[in-house]
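This report concerns only the one structure given below.
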Amino acid sequence: MISPVTSFNCRGRLLVFEDPIIMGILNITPDSFYAASRVTGTDEIIDKAGQMIEDGATILDLGAMSSRPGAVNIDTDAEISRLMPFLSAVRDAFPQVFISVDTFRAEVAKQACSAGADIINDISGGRFDENLFRVIADANVPYVLMHNGATFESMHSKKGLGDPVATVFDFFTEKIRQLNEYGIYDIFLDPGFGFGKLMQENFSLLKSIGYFNILHLPVLAGVSRKKMVYTSLNISSDDALNGTTALNMYALAQGSKVLRVHDVKEASQSIELYKLIRDSDKEICAESTLYE
């Protein structure tokens, strides 16, 4: 029987996720769908990053280009020039934190890793830049593999996947094979909620998210304040924290190891409560032994 993976090597440091961990979202963009997640200056990002770490974030995910519906596909130079000052500021201020960079471009990933990024988080599954997997292999950093079956321009069109769980599973198995051929084995799996999926397909994927555990790689749940939350509840993304927390708890109960969130404190509380539920039988057994 294959044991589940519980840690990755991040540039010589061990990232442990035996218990679930949190990836906090820091958007260095003027147009991300949730306005409160945007940062516009280095002082602001240092303050926000520090608060996220204090609230329980293990990983900070920096993104310099929005992937929301209708987002502008800025060029490589613009993405690099927007990202690098913020990445350097966070790296210098918080040398202990693990930093993920949200990009699908090989050159951005290469420069980010040279500047201290520990993880590359790719919304394209390596489909938007054929050189990305080679850069990941050369940098020897973990990789977030997200399901995305479209182009940048069409990735939010709702065409339907048929059987979403089977489609995403097949995508994962093929991409894992490709990544392994490059010598990349430290892989997070992200089903890609909201990317080219019908609303009911998002919920079907969440319902079955535990199924992907059979691939023996950590599953990342990224539902934070997304359309599947706020549209379903007829609210705005500003009011979607409660719904996000409910879906995060479900993902945890199905075995997800990483929550990618805007609201770190609330996600951390969800994890603490989940652990109390998970370990309750152990505590009862331990207390029973004391009174024998």
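Could you tell me what percent of the DSSP beta bridges with both partners in the chain are antiparallel, to the nearest 5?
10
Considering only Cα-Cα distances, which of the following residue pairs are longer than 30 Å: LYS48/LYS275; LYS110/LYS159; LYS175/LYS265; LYS207/LYS275; LYS110/LYS175?
LYS110/LYS159; LYS175/LYS265
Let me have the relative contact order for the chain, percent, based on Cα pairs under 8 Å that are six or more residues apart.
19
Springs between alpha-carbon atoms under 10 Å, Gaussian network over the chain: tell me which of ALA49, ALA57, ALA115 tops the mean-square fluctuations.
Its mean-square fluctuation being the largest, the pick is ALA115.
Towards the positive end of the charge dipole of the stretch 15-290, with charges on Cβ (+1 Lys, Arg; -1 Asp, Glu), say which of GLY162, SER280, VAL16 has the farthest Cα.
Of the listed residues, the answer is GLY162.
In bins 5 Å wide, starting from 0, what share of all Cα pairs of the chain does each bin hold, as a percent?
Whole-percent P(r) values from 0 Å outward: 1, 5, 12, 17, 20, 18, 14, 7, 3, 2, 1, 1, 0, 0.
Any idea what log10 I(q)/I(0) is at q = 0.09, 0.12 Å⁻¹ for the stretch 57-200, Debye with uniform C-alpha scatterers and no solvent?
-0.27, -0.48
Between GLU272 and SER7, what's the calculated FRET efficiency when r is the beta-carbon distance and R0 is 25 Å? Round to 0.05.
The calculated FRET efficiency here is 0.75.
Tell me which residues come under 5 Å, amide H to amide H, from GLY116 once H is placed; ignore anything under 5 positions away on its chain.
none
Can you tell which of ILE25, ILE235, ILE99 shows the greatest fluctuation in a Gaussian network model of the chain with Cα springs below 10 Å?
ILE235
Between ASN180, LEU252, ALA93, whose Cα lies farthest towards the positive end of the dipole of the chain when Lys and Arg beta carbons carry +1 and Asp and Glu beta carbons carry -1, centred on the Cα centre?
The one lying farthest along the dipole's positive direction is ASN180.
For the chain, what is the mean residue ellipticity at 222 nm derived from helices alone (per DSSP H run of n ≥ 4: -39500 (n - 2.57); sum divided by total residues; nearest 500 deg cm²/dmol)?
Computed mean residue ellipticity for the chain: -12500 deg cm²/dmol.
A short reminder: the numbers here are calculations on the coordinates, not readings from a lab. Note that the structure is predicted; figures quoted are calculated from it, not measured. All Cβ positions, glycine included, derive from the backbone under ideal geometry; neighbour counts span all protein chains shown.
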